[in-house]
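Asks: This is the structure I want to talk about, given as structure tokens.
Derivation of every value follows stated rules applied to the coordinates shown; laboratory data play no part. Fair warning: this is a prediction, and the values are worked out from it, not measured in the lab. We place every Cβ from the backbone using ideal geometry, glycine too, and count neighbours over all the protein chains shown.
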Amino acid sequence: MEFGDGLMYRIPPYPAVKDPNMRVCTRALTPEQVLLFRQLGDEYVTKFGKPGYVGFNISSQERHEKRRCQVGWLNHPMHDRRLCIMYDLMAEIAQSANADTWQYDIDGYYDMLQYVHYTARENDGPDDHFSWHMDKGDDWRRPQRKLAVVAILSSLNEYEGGGLSIFDGQEISLVALEMGTVLVFPSFVQHKVAPITKGLRRTLVGWLCGPRFK
């Protein structure tokens, strides 16, 4: 029997939005995939590595009090076909999380993937870190960054420190993340990487873009 008077009890569409802050995808990458990602990423850092800068375009600069790390920008797969698996797997994981959580309109990468080394510096200034920031970008000319995707590529016995925190009215720290874990979160969520106190932490970071939020 109908409710009458045009009434309808509406339910959320499937999949319903469940958690707007972060998806933690454990064991998203196999050990073999992690090893391949590390080999390719380490090669790019060795050959083309640069300090991690703060800001975009001409305003970008090296500011150790804000960020310190070494990064390798991974070329477009059209120029290095070996990287197809990295771009495709990261996008597949992020899109699966997106479909089940946010349903943002996503159509691809605008920026290259970024492979990052965070290193304990001992007596050489501040240990590598990245203080509070967002990944949304700051240039209206660019496609909108909508999702950040971060793969953890180091085992827990390779480093100390380096925990990732997000801010959700209060600080929420994610520590002891297993190698192969992939994190997906909206690009406007504030987050930080705590200083590395021992060893080397490897991560792969990407940003999926789409039409600008309106």
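Asks: So, of the residues in region 178-214 that are touching a helix residue (DSSP H, G or I) at 6+ places or on another chain (Cβ under 8 Å) and not in a strand (DSSP E or B), which turns out to be nearest to Ser96 (Cα to Cα)?
Replies: Selected residue: Gly180.
Asks: Being free of Cβ contacts under 8 Å to residues at least 40 places away in the same chain and more than 20 Å from Gly163 (Cβ to Cβ) is the filter here; which residues of region 103-132 pass it?
Replies: Of everything in region 103-132, those that are free of Cβ contacts under 8 Å to residues at least 40 places away in the same chain and more than 20 Å from Gly163 (Cβ to Cβ) turn out to be Met112, Asn123, Asp124.
Asks: Right, here's the next one. Pick out the one residue from Ser96, Ser59 that is more than 18 Å from Leu147 (Cα to Cα) and among the polar types (S, T, N, Q).
Replies: The match here is Ser59.
Asks: Okay, next question. Go through region 45-69 and report how many residues are within 21 Å of Ile196 (Cα to Cα) and hydroxyl-bearing (Ser, Thr, Tyr).
Replies: The total comes to 2.
Asks: Looking only at region 107-132, count every residue that is of a type in the set (A, V, I, L, M) and crowded, with 19+ Cβ neighbours inside 10 Å and tell me the total.
Replies: 2
Asks: Kindly provide the set of residues from region 75-100 that are more than 17 Å from Thr181 (Cβ to Cβ) and free of Cβ contacts under 8 Å to residues at least 24 places away in the same chain, ordered by number.
Replies: Of everything in region 75-100, those that are more than 17 Å from Thr181 (Cβ to Cβ) and free of Cβ contacts under 8 Å to residues at least 24 places away in the same chain turn out to be Pro77, Met78, His79, Asp80, Arg81, Cys84, Asp88.
Asks: So, of the residues in region 21-66 that are in a loop (DSSP other than H, G, I, E, B), among the polar types (S, T, N, Q) and in contact (Cβ under 8 Å) with a residue 40 or more places away in the chain, which turns out to be farthest from Asp135 (Cα to Cα)?
Replies: Going through the qualifying residues, I end up with Thr30.
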